[in-house]
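*Asks:* I'd like to ask some things about the structure below.
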């Protein structure tokens, strides 16, 4: 049996392996230390001089001036993103909603830790990320990631722990590292988040004007400048008298793709006022009777002359019309083509397309008011020819959104939070997130991540959108439990930290959505139904690893002290705690279905319908192992100290070789 590593992915090892595969000559080895017997501890590394030369078309002899975006501690920020951590996510059933049935996650803890822990399980699985990080105004709290010394040592010396052990520091504008601290906070988190995106995934980042230029350069580096979809201003509010020179009424949404070449076109919803104004005609006959359409001129003077787009069209009274010009056919015929002169007018459709659309009934003739078209004798015609642009087609196709968001002001969020009786300031409106999700999510099945979730606006938006279009999107919220200020309305309402606000908002928003569905069901026609969306969430909390130190560094403990660690698992951890760390380690979705079964008197977790079977009980017999093996799971996991006797441990591999040789066996 192989031992589980029980810590997050070491991105350095992963990157060395990737580079070594591309440039084997850049792969080398370095001595990282020595064992007690004097033998060297050797690890793979990259020879950067060789790599630089491989990536250059000229001889590299030293540092050269070049365009780059940098700031103090940037290299250490990269190291921070790549370094593994020995932590886990512990389930909290009592704070969850529908723990066993939901596919949504709420993760409480430092988002840097959470993003590292999600690397194995959600690599390439998140379709969309939306974040609203601190705007660096001088008053926000930001995450303090120290680089000059060991993190724990630094925090112990600086006293920047809160009472729950979380690290926080105010980034005041008087701080000489005002921009540096903010950049060091956001950079490793963006690097880690990129790996979670699907190949056609997209990230949306709300930001103020204080850091928008720096964030743009950072995203160009992390995601690639060619993957920048846009920087979209958003109207936060109208009016106001704050500010010295201009009243700040807008912020920005930066939009980047994982790989822009495979991202589908953005299609937003049509504006209802525009629909009512333009699509004001109703079909009176044929298969599309009752459908709304707008007339759109088949002749537009801006078109260049094209040989197959100048022809006669027969009108309802038998009159033939053609765009203005001098080139005329020798005979009059509906759809008869004529070669135009360079300045002659043309129809938008080719003659073949015109005949096809005419047969479908997609033309409408309206008596002319400005006499634009002409007849065969070059006199003004009394008819204009229009095509029918059907509203249903436009609704199905969507409308390309403009690069300015004007419909989702912050006052909307204040209203919806007030309706839920949630005390929280400065949240984004859920309609903004719904709009962004609708731009990219055509399957309605995707995972949406927000690792600065605040009051959980994104979770609210995902649930509401699922209720509106019968979607099955899943959300992952991540939030540090920052304490609320004692003078704030949130604190007075009983919320001690932001996570309490976020979780309660999801609960209340879910109940409101269900109530609205129940009311609407009474208005449905016979045979119609409205699906109830997933309004639950599993609460998982970032915590120290479930394993004792001896699990990771057995060589550091003398043999006589090893007896103190007969069980390498911390005594305060439950079997379900162990299960979730195993799921993280093996890359099993944390939203997977979990069932508890009993085999031979021992409790066994059945995850994802038999994909993973895990038993953490003691005194596991050969009979129990045999029954588990007969179920042929992909993974089977046990405690290292689970076996009832040495003979059971000896027979373990043979049992699986007999009943399920392909099962991957692991111990912890």
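The values are calculated or read from the model by the stated rules, or taken from the named source; none is laboratory data. Not measured: the values here are computed from a predicted model. As a convention, Cβ positions derive from the backbone with ideal geometry for all residues, glycine included, and neighbour counts pool all protein chains shown.
*Asks:* For region 109-134, which positions are farther than 25 Å from residue 210 by Cα and in a helix (DSSP H, G or I)?
*Replies:* The answer is 113, 114, 115, 116, 117.
*Asks:* So if I check each of 332, 321, which one is under 15 Å from residue 379 (Cα atoms), at pLDDT 80 or above and not in a loop (DSSP other than H, G, I, E, B)? Let's see the steps before the verdict.
*Replies:* Details: 332 fails: not in a loop (DSSP other than H, G, I, E, B).
Within the list 332, 321, the selection yields 321.
*Asks:* Which numbered condition trips up residue 67, out of (1) modelled with pLDDT of 70 or more; (2) exposed (fewer than 15 other Cβ atoms within 10 Å of the Cβ); (3) within 19 Å of residue 222 (Cα to Cα)?
*Replies:* For residue 67, the failing item is (1).
*Asks:* Continuing with this model, one more query. Kindly check whether there is at least one residue in region 114-131 that is in contact with a strand residue (DSSP E or B) (Cβ under 9 Å, 6 or more places away or on another chain), at pLDDT below 95 and surrounded by 15 or more Cβ atoms within 10 Å (Cβ to Cβ).
*Replies:* Within region 114-131 (the criterion being in contact with a strand residue (DSSP E or B) (Cβ under 9 Å, 6 or more places away or on another chain), at pLDDT below 95 and surrounded by 15 or more Cβ atoms within 10 Å (Cβ to Cβ)), the answer is no, since none of the residues qualifies.
*Asks:* Do we have any residue at all in region 78-95 that's closer than 28 Å to residue 435 by Cβ and either at pLDDT 90 or above or not assigned by TED's automatic domain parsing to the domain that holds residue 582 (or both)? Write out each step before concluding.
*Replies:* Within region 78-95, the first condition is being closer than 28 Å to residue 435 by Cβ, and the residues that meet it are none.
No: region 78-95 contains no residue that is closer than 28 Å to residue 435 by Cβ and either at pLDDT 90 or above or not assigned by TED's automatic domain parsing to the domain that holds residue 582 (or both).
*Asks:* Further, regarding this structure: Hey, can you tell me all the residues within region 645-659 that are surrounded by 16 or more Cβ atoms within 10 Å (Cβ to Cβ), touching a residue at least 24 places away in the same chain (Cβ under 8 Å) and in contact with a strand residue (DSSP E or B) (Cβ under 8 Å, 6 or more places away or on another chain)? Outline the logic, then answer.
*Replies:* Of region 645-659, the ones surrounded by 16 or more Cβ atoms within 10 Å (Cβ to Cβ) are 648-649, 651-652, 655-656, 659.
Now drop any that are not touching a residue at least 24 places away in the same chain (Cβ under 8 Å), which leaves 648, 651-652, 655-656, 659.
Across region 645-659, the qualifying residues are 648, 652, 656.
*Asks:* Would you confirm, using the coordinates I've provided, whether residue 220 is outside the structural domain of residue 362 (by TED's automatic domain parsing), in contact (Cβ under 8 Å) with a residue 40 or more places away in the chain, more than 30 Å from residue 355 (Cβ to Cβ) and out of contact with any strand residue (DSSP E or B) (no Cβ under 6 Å at 6 or more places or on another chain)?
*Replies:* Numbers: outside the structural domain of residue 362 (by TED's automatic domain parsing): yes; in contact (Cβ under 8 Å) with a residue 40 or more places away in the chain: yes; more than 30 Å from residue 355 (Cβ to Cβ): yes; out of contact with any strand residue (DSSP E or B) (no Cβ under 6 Å at 6 or more places or on another chain): yes.
Here the answer is yes, as residue 220 does meet what is asked.
*Asks:* A further question follows. Kindly check whether there is at least one residue in region 338-345 that is touching a helix residue (DSSP H, G or I) at 6+ places or on another chain (Cβ under 9 Å), surrounded by 16 or more Cβ atoms within 10 Å (Cβ to Cβ) and not in a strand (DSSP E or B). First the steps, then the outcome.
*Replies:* Here is the first cut: in region 338-345, the residues touching a helix residue (DSSP H, G or I) at 6+ places or on another chain (Cβ under 9 Å) are 338-340.
This time we only want the ones that are surrounded by 16 or more Cβ atoms within 10 Å (Cβ to Cβ), so: 338, 340.
Still in the running and not in a strand (DSSP E or B): 338, 340.
Looking through region 338-345, at least one residue is touching a helix residue (DSSP H, G or I) at 6+ places or on another chain (Cβ under 9 Å), surrounded by 16 or more Cβ atoms within 10 Å (Cβ to Cβ) and not in a strand (DSSP E or B).
*Asks:* Among what's in region 272-284 and is touching a residue at least 40 places away in the same chain (Cβ under 8 Å) and part of a loop (DSSP other than H, G, I, E, B), pick the residue that is nearest to residue 441 (Cα to Cα).
*Replies:* The first filter runs over region 272-284 and keeps only residues touching a residue at least 40 places away in the same chain (Cβ under 8 Å), leaving 275, 279, 281, 283.
Keeping just the survivors that are part of a loop (DSSP other than H, G, I, E, B) gives 279, 283.
Numbers: 279: 26, 283: 32 Å.
Among residues in region 272-284 that are touching a residue at least 40 places away in the same chain (Cβ under 8 Å) and part of a loop (DSSP other than H, G, I, E, B), the one nearest to residue 441 (Cα to Cα) is 279.
*Asks:* Can you tell me which residues in region 383-430 are farther than 28 Å from residue 206 by Cα and at pLDDT below 90?
*Replies:* So the first thing to find is which residues in region 383-430 are farther than 28 Å from residue 206 by Cα, and the list is 383-394, 396.
Across region 383-430, the qualifying residues are 389, 390, 391, 392, 393, 394, 396.
*Asks:* Scan region 465-503 residue by residue and report those that are assigned to a helix (DSSP H, G or I) and under 14 Å from the mean Cα position of the chain (by Cα).
*Replies:* Here is the first cut: in region 465-503, the residues assigned to a helix (DSSP H, G or I) are 465-469, 489-492, 498-503.
Selection gives nothing.
*Asks:* Determine whether region 505-526 contains at least one residue that is crowded, with 22+ Cβ neighbours inside 10 Å, touching a strand residue (DSSP E or B) at 6+ places or on another chain (Cβ under 8 Å) and in a helix (DSSP H, G or I).
*Replies:* We begin by selecting, within region 505-526, every residue crowded, with 22+ Cβ neighbours inside 10 Å; these are 505-506, 509-510.
Those still in the list that are touching a strand residue (DSSP E or B) at 6+ places or on another chain (Cβ under 8 Å) too: 506, 510.
The next check asks that each one be in a helix (DSSP H, G or I); those that pass are 506, 510.
Checked against the condition, which is being crowded, with 22+ Cβ neighbours inside 10 Å, touching a strand residue (DSSP E or B) at 6+ places or on another chain (Cβ under 8 Å) and in a helix (DSSP H, G or I), region 505-526 yields at least one hit.
*Asks:* Does region 476-483 include one or more residues that are surrounded by fewer than 20 Cβ atoms within 10 Å (Cβ to Cβ) and free of Cβ contacts under 8 Å to residues at least 60 places away in the same chain?
*Replies:* Within region 476-483, not a single residue is surrounded by fewer than 20 Cβ atoms within 10 Å (Cβ to Cβ) and free of Cβ contacts under 8 Å to residues at least 60 places away in the same chain.
*Asks:* Given the criteria under 26 Å from residue 257 (Cβ atoms), touching a strand residue (DSSP E or B) at 6+ places or on another chain (Cβ under 6 Å) and not in a loop (DSSP other than H, G, I, E, B), does residue 106 qualify? Give the derivation first.
*Replies:* On the way: under 26 Å from residue 257 (Cβ atoms): no; touching a strand residue (DSSP E or B) at 6+ places or on another chain (Cβ under 6 Å): yes; not in a loop (DSSP other than H, G, I, E, B): yes.
So residue 106 does not fit the description; no.
*Asks:* I'd like to know if region 323-334 contains one or more residues that are within 52 Å of the chain's Cα centre (by Cα) and buried (at least 17 other Cβ atoms within 10 Å of the Cβ).
*Replies:* Yes.
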